[in-house]
Structures are given as C-alpha cells and as structure tokens.
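Report on the structure given below.
The values are calculated or read from the model by the stated rules, or taken from the named source; none is laboratory data. What you see is a predicted model, and the numbers here were worked out from it, not measured in a lab. As a convention, Cβ positions derive from the backbone with ideal geometry for all residues, glycine included, and neighbour counts pool all protein chains shown. Surface areas here come from the heavy atoms of the whole protein model, side chains and all, with no ligands, DNA or RNA. Shrake-Rupley method; radii C 1.70, N 1.55, O 1.52, S 1.80 Å.
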Amino acid sequence: MIGNTDQIGRGEHYMATGVKAPPTTTISDARSPVLVAMADTFIGGMGHPGSPIRVAGSMEDTFARLPSAADRRQLRLILRVFGSRLGSLALTGRAVPFHRWSRDQRVALMSSWSTSRLAFRRQLFQIFKRLSLLAFLGDTDEDGTNPVWPEIGYPGPISAPRPVPKPIRTTVLDGDTTLSCDAVIVGSGAGGGVVAGELAAQGKDVIVLEEGGYYNEADFNQIELAMMQKLYYQGGFAATADAAIALVAGGCLGGGTVVNYSTSFRTPDWQRLAWATRHGLSWMMGDEYTASLDAVCERVGVNRDQTRVAPRERVLQRGLQRLGWHVERMPRNVQGCSQDATCGYCGLGCQSGAKQSTLRTYLLDAYQRRARIIVNCKVDHVIIEDGKAVGVRATVRQPGEPAWTLIVRSTAVVAAAGAIGTPALLQRSGIRGAAIGRNLRLHPGTAVVGVFDEPLRPWEGTMQSIFSDEFINVDGDHHGPKLESGPMHPAILALVVPWRDASHYQRLMRSLPNMSVLAPLVRDHAGGRVIARDGTARVEYKLTTQDVADLRRGIEASVRVMEAGGATEVFTSQSPFVVYRPGQRGGIEAFMADVDRAGYGAGQMGYLSAHQMGSARMGADPANSAFGPDHESHTVKGLFIADASAFPTALGTNPMITIMAMAHHASRVIAAAC
Ligand SMILES: Cc1cc2nc3c(=O)[nH]c(=O)nc-3n(C[C@H](O)[C@H](O)[C@H](O)COP(=O)(O)OP(=O)(O)OC[C@H]3O[C@@H](n4cnc5c(N)ncnc54)[C@H](O)[C@@H]3O)c2cc1C
C-alpha cells in the first residue's frame, strides 16, 4: 500500500506514480498539480499511488461548492501562489513551485506550519490537512472500497440502505413562480420543522423552504464524505473565518435533526429563570412553556430506555464511576432503536428510521396537513413593505434544472434558517439592529482521545448514551465543561487528530479500533458574529480567557476519566502530539503543562461546534436583542424567529429540545397573527 509518488510536477504525476487517474478526477489546469502535491503530502504512503489524484479531485470539488465567491477566489489565489516560483519564494522562502518539492520537503514544511507562530500558516495548514484527510479517509474509490480502511481496522459502511419510499412529495417548480400562503417558513430543522407542523395543525396554509435537498433512509449509505456533502451545511467543511473552529450543522430537509446525535435534554430550570428575568422572556417560567417542552418531547419520542452503552462509552462510564463523578444515562429521541453496531453511523443519517427527526415527525405532520415543502430552495431575502414582512424571494436550483426565482407572498414570515443562516438572511434583507449577527455562541468543544487495550470498535453502538455534568457549574454561574462522547469515524476525526507526518498519522489511526473519545464542550461566555459577505455567512469568533480555562478543565477531567477507565495512551487534538501515558514522569500535572505549552489558540488546538446559537437573539430591549419576547422582530412586523439564533445566551446543554419547545411556543403567537 505504500505509494511511490515523490516529486509531483505539472502532468508528471502519471509518470511518477505509474498509475492513471481515476476517470472521475479532473486535472484541468495549472493549479491542480499543487493540490495533488498537497494531498500527497498529507496522505504520504497511505492508500495506493492513485489516492492523491482522487483526493485532489475531491478538493477541487469542495472548493467549487464553497458558497462564498470571495473564499473560492482566495483559495485559488493561494494555490496559484504555491504553484509559482515567486509565490513559493514569498510563502516558503524557496523559489521552487511547491509541487516540485520532494515529499520529504513538503512534509517538513507542512509539519512546521502546523505549529508556526504565524496564525495564517497554521490556518492554511488546517485547511489543507482537513480537506486532504476528509477526502482521503471519508470516500471510496470507484469500486466502492478505500485501501486504507482495512489498514486502520475500519469496516467502512456496514449495512446497505433499505429502499424506503420518500413519504413527502415536495413541490417542484417548472419556471419562475409566485405562491401565497399564511406563513412561509425559512429552514426546516429543529425550529422550522416544529413551527411548520404546529401551524399546519392549527389549520394554517404553510410553505416550508429549505436550501438543502430531501434525503431519507434510502439515501443514507454510511459513507462519510458522500453523506456530509448531502446532509451537512457546506458539505461538513464550514469553519470560523480563522479556521480555528469547525462548524458542523445540518443542511438538508430536517436540518440538524437528521444528522444529530439524538440527545434530548430539556431546558434547565436555572436557564429558564435567567432568560425570564434577565432577558424578559417571562413565559419561560410558566406552565405554558413546560407544556411546550412536554409536547415536543412526546412528539419526538424522548426516552431514557433506549440507551444501551456501547463499548467505547463503557470504558468512560467505568472511569467516571471509579472517580466517583457524576454519570447519567442520556435522554434520546429515538423509537425502536436497535442500539447495535449500525447506530454509530447515525450522524450520517439513521438508516433504520429510529431517530425521530423533524423529517419523520413534524414535517411529515405538516405535509399530511397540506403544507407545501420546497427543497433546494435558498431564500435570498425577506420582502418588506411599509415596515412589514410580506413574503420572501428565493432561488430554486433543482438538480438538472435551470435556477428558478420563487416569490412567496405571506401574512407571516418565520426565520428558522439556523444560527448561521438566519442572521445572514436578515442582513441580506436590509434589516438593521444591534443584535443581528451579534452574540453568536458556539458551545466550543475539543477532543481528548484515549487508546485502550480492549477492542472498542468506536464507530459502533448507541450514538451517545452517557454524560457527566460533574463540572458544568464551576463558577456558580453555570459555566464549565460538559463531558460527552460520540462515535468515531476516520474522516470526522481528521478535524481533531494531530498530524505530524503521514506515517505518524497512520500509526495513530491504526489504533482506531481501540479508541474512545471525550469531547468536553463549554458554555461560552462571550459572543462572536455572523456577517453576510457577498450574500453568504462569514463567522468571526474568538474564545475568551474564561472559555479557555473551562476547556482546560475539561481536558484535564477527560484525561483523568480515560486513565481511570483503563486507557494506555491519551492525546489531545493539538497540532504537536501531546500525549499522556499513565505512570509517566510528572503525572497529569506535567502533561497539562505540555498541553499549556502547545497552546489553545487558533490552529493550535482542534475545536468543533455542533451547537450554534444566539445570533439574532430574543429579548425585551431592542438595544441588545433582535426579536421581542413574543418572537416578533423589533423592527419588522410579521417577521418571527423560531430557531437557535433566538437564544439570549449560550444554553449550556444540547439545544435541540429547547429550540423545538421555543418554536412550539412561537407557533401559538404566529398562528394568532396569520
Ligand atoms: C453532528 C451534530 C450532532 C448534534 N447532536 C445533537 C444532539 O445530540 N442533541 C442536541 O440537542 N443537539 C444536537 N445538535 C445540534 C442541533 O441539531 C441543532 O442545534 C439544531 O438542529 C438547530 O436547529 P435550528 O432550527 O436552529 O437549525 P437547523 O436544524 O440547522 O436548520 C436550519 C435549516 O435551514 C436551512 N437554511 C439555511 N439557510 C437557508 C436559506 N437561506 N434558505 C432556506 N433554507 C436555509 C439549512 O439548510 C437547515 O436545514 C447536533 C448538531 C450536529 C450538526
């Protein structure tokens, strides 16, 4: 399996490797040799000699899909610079185009950039590392296999999708169209789905517009890259502007509820009190909101019975119990979940249909009550006349069809495009306000990986069955790390597993069958922002000193849990390989000093956010909120909010049920208005 690609020049890779590019790969212009060389740098001798060419083709594809023209231009410029003598001189100090360097030279450069003092070098390193490894580890060759999976003990897909018919017939356009309805809902995730179902149940004429496509059990093939491209926001490759925090969110009909891990916590009482008293959402303290929580939990089947603990979490449970720390079973929104091997693939869509996403619940309810649902439909802006929202303008791009313009005229407009999409939509609509795009919270988390003697097959089993709240309130104001885990698949791990060179990476990945992970996530103190730039959302965000302190506490706690659970090696997601082996000199204190030295800054530690919120928040004061306590915009009548962007602050726990319950509450107000 060791490839012999060493120097890769323009057109020379065929000679160097002796292998023809797979037919799907397009080596179309002078920039591509740089991408092939970049892919070869990261995957090195792994795979087979054609792998860098496949991966470069996949990277081209990812670039082409980036929604921002500015991002696409910037990346192409970087590749041009790498590929020219002068550009390479300026970037690297060597007047030789990058693709003419030997592999050893390229590896040495990227490895040094991973820990560079210059943030832009770390940023470029992260971008190319993630792109290369996501494509390499998460996809297959034309014959449906991946040569590296057997090497790292990963089975790839373990069951084929069943041919389940799609129960919703989406509305298909055949030209520019104008429609009208009582309420148009932008986005179909946790918030939008619930509002659609509830409004339709109250007899309202509803139209749901969703930017992503419609996929169901029949499409969920368990291949990471393919599923990310179909189901995730920006194909799973979104990040903050400095590339420090990977942003994972849903981007299909059903939004995040299709890909999420089905953990279903109710809104904590202390948070209900805080949002009621500090932000004017007094209804959060009342029976009505409790009834909304009850109603959504009932509809999406939340229970604590279907939580069989998978081996990868059993070792963590053991560690937590030995330490005498809090550990509890997860509430989950699943019905008839087999909790067996296939369950671990549920972040790529639940093949068995056990996960009660909005796709299988509220959107279906809405459809059965005559709601119209349009997919591949990006809402460009809200139409505002005389200070009132009267509809939306959207662009529909159905596969194989030209782009059509859709105008929907409605009495109410509901923004439910998620905490990145909604503020961008509001800004594109010319809606001004101090809180639009501000106060974005991310629940940033990192990964601490443990290697155990016993085989754990960490891609298998119940998504999340246990958690620990031992440290969630370390400051008396509900800040601190929440400890959760999740299944481990090789491509998503590329976001957090350190890369020093390909053979080191391969060594780490060979331990995959014996790995488990803890992902401490923190309730962040301050906000980032979302800015609509050339029509697409740019996310700017910085961790505060307190957030870093909370994450540090989470890392230390995770290492202790891993050690108590029996791990033989524990490492962080930092760029240098920072490792703890039980019994090592200086113990955990010395290890934490190594962690501190490796740093917590952008590109120094791998961070991930699956919970974006707060970017168009609700509140009584228009000076620091975008929507009132009644869910309606402070400045535009008839415009309502029903997604995670409405949260006044970071929630502190997994947000789906809170988003759904707030949307349920919003539906009562919206129904009265239309
Ligand atoms: C991998 C993963 C695991 C998670 N696990 C859990 C968990 O176990 N428990 C939990 O509580 N939470 C979990 N979450 C978080 C949870 O799923 C989200 O917080 C929740 O789905 C957000 O709901 P929302 O309505 O705000 O947005 P979303 O569910 O993201 O829905 C927004 C929708 O709007 C669409 N959209 C965006 N812009 C436009 C536009 N201009 N026009 C039309 N449509 C648009 C998007 O494509 C998307 O489908 C997870 C998230 C991810 C990604």
Report task. Determine, from the Cβ-Cβ distance of Ile407 and Ala69 and an R0 of 25 Å, the FRET efficiency 1/(1 + (r/R0)^6), rounded to the nearest 0.05. Result -> 0.55
Requested in this report: Would you kindly find the accessible area of Ser511, with a 1.4 Å probe and non-protein molecules such as ligands, DNA and RNA excluded, rounding to the nearest 10 Å²?
Outcome: 30
Report task. Run the quick spin-label model on Ser159 and Asp340: label points 7 Å from Cα toward the beta carbon, then report their separation in nm to one decimal. Result -> 0.6
Report task. Please give the per residue accessible area of the chain, computed with a probe of 1.4 Å over protein heavy atoms only, in Å². Result -> 35
Report task. Please work out, to two decimal places, the log10 of the ratio I(q)/I(0) at q = 0.11, 0.20 Å⁻¹ from a Debye calculation in which every Cα of the stretch 370-505 carries one identical scatterer. Result -> -0.77, -1.16
Query raised in the report: Once amide H atoms are placed 1.01 Å from N in the peptide plane, what residues at a sequence separation of 5 or more from Val579, or on another chain, have their amide H within under 5 Å of its amide H?
Result: none
Query raised in the report: Which FRET efficiency, nearest 0.05, do Ala434 and Asp269 yield, Cβ-Cβ r, R0 22 Å?
Result: 0.15
**Report entry** Karplus 3J(HN,Hα) series, Hz, for the stretch 469-482 with 6.51 cos²θ - 1.76 cosθ + 1.60 (x for Gly, Pro)
**Finding:** 9, 3, 10, 7, 9, 7, 10, x, 10, 6, 10, x, x, 9
Report task. Identify the trypsin sites (Lys or Arg not before Pro) of the stretch 463-567 meeting these criteria: DSSP loop state and at most 16 other C-beta atoms within 10 Å of the C-beta. Result -> Lys542
**Report entry** lysines whose Cα lies under 21 Å from that of Lys482, excluding same-chain neighbours fewer than 8 positions away
**Finding:** Lys542
Query raised in the report: Once the piece of chain linking Asp475 and Arg370 is laid out straight, how much longer is it, given 0.36 nm per residue of separation minus the C-alpha distance between them?
Result: 32.8 nm
Query - Principal axis dimensions, the stretch 360-438 - Cα atoms, whole angstrom, descending - result: 38, 31, 26
Query raised in the report: Between the stretch 278-339 and the stretch 84-101, what is the C-alpha centre distance in whole Å?
Result: 53
Query - the stretch 606-674: C-alpha gyration tensor shape, a/c 1.5 cut-off, then a/b vs b/c - result: oblate
Query raised in the report: Within the chain, what's the longest stretch lacking GluC sites (Glu not before Pro) that sit in DSSP loops with no more than 15 other Cβ atoms inside 10 Å?
Result: 143-674
Query raised in the report: So how much slack lies between Ser503 and Ala526, counting 0.36 nm per residue of separation and subtracting their Cα-Cα distance, in nm?
Result: 4.3 nm
Query - Inter-site label distance for Phe120 and Arg597 at 7 Å from Cα along Cβ, in nm - result: 3.0
Report summary line: Taking Cα atoms only, helix 103-114 is inclined relative to the longest principal axis of the chain by an angle, in degrees rounded to 10, of 40
Report summary line: Placing each pseudo-label 7 Å from Cα in the direction of the beta carbon, Asp104 and Ala623 end up separated by a distance in nanometres of 6.5
Report summary line: Residue separation between Arg76 and Asp141 times 0.36 nm, minus their alpha-carbon distance, gives in nm 20.8 nm
Requested in this report: Scan around Asp380 for amide H atoms under 5 Å from its own, H built in the peptide plane at 1.01 Å from N, and keep only partners 5 or more places away or cross-chain.
Outcome: Arg393, Ala394, Thr395
Report task. Taking the chain as the reference, fit the longest principal axis to its C-alpha atoms, fit the long axis of helix 656-673 to the helix C-alpha atoms, and give the angle between the two in degrees, 0 to 90, nearest 10. Result -> 30
Query - Residue-level accessible surface for Arg73, protein heavy atoms, 1.4 Å, Å² - result: 150
Requested in this report: Please work out, to two decimal places, the log10 of the ratio I(q)/I(0) at q = 0.26 Å⁻¹ from a Debye calculation in which every Cα of the stretch 331-396 carries one identical scatterer.
Outcome: -1.08
Query raised in the report: Quick one: how many Å² of Leu273 are accessible to a 1.4 Å probe, rounded to 10?
Result: 90
Query raised in the report: Binning every alpha carbon pair distance of the chain at 20 Å from zero, what are the percents per bin?
Result: 19, 53, 26, 1
Query - Global form of the stretch 321-367, assessed from the alpha-carbon gyration tensor, a/c cut-off 1.5 - result: prolate
Requested in this report: Can you tell me the 0 to 90 degree angle between the C-alpha axis of helix 587-598 and the longest principal axis of the chain, rounded to 10?
Outcome: 90
Requested in this report: Pop out the carbon and sulfur fraction of the accessible area of the chain as a percent, whole number, probe 1.4 Å.
Outcome: 50
